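Bear in mind these aren't lab numbers, they're just calculated from the coordinates by the rules spelled out. On a predicted model such as this, the values are computed, not experimentally measured, just so you know. Here Cβ is always computed from backbone atoms with ideal geometry, including for glycine, and neighbour counts include all displayed protein chains.
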Amino acid sequence: MPAPLHFLLQSLRRLALLLVGAALCFGLTACGDAKAKTPTLSADDIAVIERQAEGFLAARNRLPDLARLVKNKDWTFTRNLIHGPMQEVSREMLYINQHLLPADRAEATERANDLKTALAQLDEAAVQQDGEKLRKAYIKVASGFGLYAQMLPPQVQEDLKQI
């Protein structure tokens with residue numbers, strides 16, 4: 001092949017590669033969203049969270065009753081409250097966690113597990129009739145309710161008059 005023709009073919013290949021590269025760059029840039037959308041919860045997710053949060057908050061509102069029982073070392077009624085009105089807290093937190101934004105789920109699950117563990121410790125302290133363990137476990141339970149309530153989305157907190 002003559003040298004000028006070979007040089008012309010190489011130049012055309014380089015130009016074609018450059019044009020393909022430029023087209024890909026512009027095409028990929030055009031496909032990307034310049035402003036990334038902030039993830040938001042759907043109306044259905046908010047409705048589910050609110051429905052489950054009502055039960056969670058109702059159990060949290062029983063903390064003064066639980067505190068009185070713990071103070072009086074009322075072993076039986078402490079356990080009755082845990083296994084009665086507060087029994088559904090675990091399920092409610094599970095449903096709430098499933099409908100939170102993906103970025104919030106791990107922390108919400110961790111806080112829910114901490115609260116469930118604290119409730120189990122409170123129950124065990126009541127079974128053992130150990131006043132000091134009961135008092136310490138109650139503090140963890142009360143703290144656990146407060147920490148988990150912070151995971152509720154702002155709209156849910158506002159709708160349920162928590163803000």
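For the pair the range 92-110 and the range 37-77, the centres of their Cα atoms are 14 angstrom apart.
Sites listed here are trypsin sites (Lys or Arg not before Pro) in the range 32-104 whose DSSP assignment is loop and whose Cβ has at most 14 other Cβ atoms within 10 Å: K35, K37, K73. FRET efficiency for the pair N80 and A47, taken as 1/(1 + (r/R0)^6) with r the Cβ-Cβ distance and R0 = 25 Å, rounds to 0.20. Taking the C-alpha atoms only, the angle from helix 3-31 to the longest principal axis of the chain is near 30 degrees. Of L15, L115, L63, the residue with the greatest mean-square motion in the GNM of the chain, using alpha carbon springs below 10 Å, is L15. Each Lys or Arg adds one and each Asp or Glu subtracts one; over the other residues with Cβ under 15 Å from the Cβ of L100, this totals -4. Across all directions, the average flat footprint of the convex hull enclosing the Cα atoms of the range 93-144 is 3.5 nm². Here the Karplus curve 6.51 cos²θ - 1.76 cosθ + 1.60, taken at θ = phi - 60°, turns the phi angles of the range 68-75 into couplings of 5, 5, 5, 4, 7, 6, 8, 4 Hz, with x standing for Gly and Pro. Angle of helix 102-128 to the longest C-alpha principal axis of the chain, folded into 0 to 90 degrees and rounded to 10: 20°.
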